[in-house]
Amino acid sequence: MPRVHALIPSITRAGASLGVGIAIAGGMAVAGSGIASAAQVGCVSPPSANDIRVIGDASCGATATVGNAGATAMDSGTAVSVANGGSANSVATGFGVALSSSRDAGAAHAYAIGGGISHSNASNGHTTIAVAGWGSGATAEASGVKCVGPLSFAVNLNTGAVCALR
């Protein structure tokens, strides 16, 4: 029966080899994911009344009865914009979700960066902006603004209400 002291160097070497192997595999996975370009999808309305697109894991939707709606998503983001007057724009990356809506000449802008959730709603010629970073949320609308988590920002340019967390 081998002595315990004789097994310790073997176990240590095996653990170190396993750790190095995992580190190399993880490094190759990260490097490999950085080499491929991210799928990007864009939706615009008009000219299409209801533009819905999916490329890879990225998806967007834009619809405008009056005004303009635009949505862009990358990686596995989801962006949706709806305009019933005015303009609505949204951009989402990573696992982000960006939602914007406008009516009566409002301008709504929502940006979700790498996993955030943002919501922007504007009406009556007013402008709102919501930006959410990884793991955070931001809302900008006529009733107020709200920021949750780090890297979030929201503003209603009509009322002057603003929040920002870092």
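Counting the residues of region 144-166 that are in contact with a strand residue (DSSP E or B) (Cβ under 9 Å, 6 or more places away or on another chain), surrounded by fewer than 18 Cβ atoms within 10 Å (Cβ to Cβ) and under 16 Å from Ala122 (Cβ atoms) gives 7.
Restricted to region 97-143, and to residues there that are in contact with a His (Cβ under 6 Å, 6 or more places away or on another chain) and open to solvent by 20 Å² or more (accessible area, probe 1.4 Å), the residue that is nearest to Asn84 (Cα to Cα) is Leu99.
The values are calculated or read from the model by the stated rules, or taken from the named source; none is laboratory data. Predicted model, so just to flag it, every value in this text is computed and none were measured. Please note: Cβ atoms are built from the backbone with ideal geometry, for glycine as well, and neighbour counts cover all protein chains shown. Heads up: the accessible areas ignore ligands, DNA and RNA and are worked out on the full protein's heavy atoms, side chains in. Shrake-Rupley method; radii C 1.70, N 1.55, O 1.52, S 1.80 Å.
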